[in-house]
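Note sheet for the following structure.
The values are calculated or read from the model by the stated rules, or taken from the named source; none is laboratory data. Quick caveat, the model's predicted, so the values are computed rather than measured. Cβ atoms come from the backbone with ideal geometry, glycine included; neighbour counts cover every protein chain shown. Each accessible area value is taken on the protein alone, full model and side chains, heavy atoms only, with ligands, DNA and RNA left out. Shrake-Rupley method; radii C 1.70, N 1.55, O 1.52, S 1.80 Å.
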Amino acid sequence: MSETRNSELNDQSGTVDVSLEALESLLARVFEGHGCSSTTAAILAANCAGAEAAGSTSHGVFRIDGYVSSLRSGWVDGAAIPEVHSKAAGHVFVDAKNGFAQVALHAARDTFVQRIRENGIALLSIRGSHHLAALWPDVTPFAREGLIAISMVNSFGCSIPVGAKKPLLGTNPFAFAAPIRGEAPLVFDFATTSMANGDVQLAAREGRTLPPGMGVDSNGEATTDPNKILNGGALVPFGGHKGSAISLMIELMVAG
């Protein structure tokens, strides 16, 4: 994002372009204004602004409504201070204290990297957290340090497994990052459903239909209407039974 004179942009498109730094500052103020500590606000703002700048609009500024709603309702504690515990030589455990997962990761990161370098491999598990963001910002920094990283998370039931009649699994995304010498890291991040739930919400907000095969309505019938998927319907796994099995694997590993 680059800074441009507001008058020029308003004449052309009715929108205002801002720098990444300005967006981060604005979002941090929003988070602090709704009960987040300065540390939490800065972490969430950088995450949201970075996703927006990278073109991941379903996990950028669009997510602010969800964050604010969670904070206002008291469902999540924006001032929570995570507790980091060493469970074993290669296992770091974080109790997020009903705060955000990004903050828990930030709190445990130095200890986690140290354990990886000492043991060759390590596991970081986070409990009692909330996560409304993309996963690639979590794993990419590790790859930039020469490490291989994989992250996964389960979510609320919004996906109907192959052969089922009702939603059971979440979008259950996972992300992977690996270093490439002299180049940017190899990174991928995607849901195990046909598309991310945030993209369905964006389509509903913008009045767009979805491609066939993305989801079903409340009767289990295929639909391209995002509102029917969001209101009583469900997404379907990518790749049929294969995506369904991967989603189940993530559910069992993460919930366990």
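Element breakdown for the chain at a 1.4 angstrom probe: carbon and sulfur atoms account for 54% of the accessible area. Close amide H partners of residue 91, meaning residues 5 or more places away or on another chain with modelled amide H under 5 Å apart, are 123.
Sort region 20-73 into rounded, prolate or oblate with this rule: let a ≥ b ≥ c be the square roots of the eigenvalues of the Cα gyration tensor; rounded if a/c is under 1.5, and if a/c is not under 1.5, prolate when a/b is larger than b/c, oblate otherwise. The shape class here is oblate. Rounded if a/c is under 1.5, else prolate if a/b beats b/c, else oblate: with a ≥ b ≥ c from the C-alpha gyration tensor eigenvalues square-rooted, which is region 148-191? Because a/c hits 1.5 or more and a/b exceeds b/c, region 148-191 counts as prolate. Positive contributions from Lys and Arg (+1) and negative ones from Asp and Glu (-1), summed over other residues with Cβ under 13 Å from the Cβ of residue 187, come out at -2. If you sort the three axes of the alpha carbon gyration tensor as a ≥ b ≥ c, you get a/c of 1.5 or more for region 119-192 and a/b above b/c, which makes it prolate.
Highest mean packing comes first when the peptides 58-68, 193-203, 246-256 are listed by Cβ atoms within 10 Å, giving 193-203, 58-68, 246-256. Close amide H contacts of residue 77 (hydrogens built in the peptide plane, cut-off under 5 Å, sequence separation of 5 or more or a different chain): 99. Sorting the segments 219-225, 186-192 by their residues' average number of neighbouring beta-carbon atoms within 10 angstrom, most packed first, yields 186-192, 219-225. The amide H of residue 218, built 1.01 Å from its N in the peptide plane, has 233 as neighbours under 5 Å, considering only residues 5 or more places off or on other chains. Working ranking of peptides 41-47, 156-162 by packing, defined as the average number of other Cβ atoms within 10 Å per residue, highest first, is 41-47, 156-162. In the context of the full set of protein chains, residues of region 20-73 present 43 Å² of accessible surface per residue (probe radius 1.4 Å, heavy atoms only). When shorter helices are ignored and each DSSP H run of at least 4 residues is given -39500 (n - 2.57), the per-residue value for the chain at 222 nm works out to -12500 deg cm²/dmol. With the convex hull of its Cα atoms as the shape, the chain has an orientation-averaged projected area of 15.6 nm².
Excluding same-chain residues fewer than 8 positions from residue 97, which aspartates and glutamates have a Cα within less than 16 Å of its Cα? Here the aspartates and glutamates satisfying the reach criterion relative to residue 97 are 77, 83. For region 199-256 versus region 36-81, the inter-centroid distance based on Cα atoms is 24 Å. Taking 0.36 nm per residue of separation and subtracting the current Cα-Cα distance, fully stretching the chain between residue 208 and residue 87 would add 38.8 nm. Summing Cβ point charges (Lys, Arg +1; Asp, Glu -1) relative to the Cα centre of the chain gives a dipole of roughly 780 debye.
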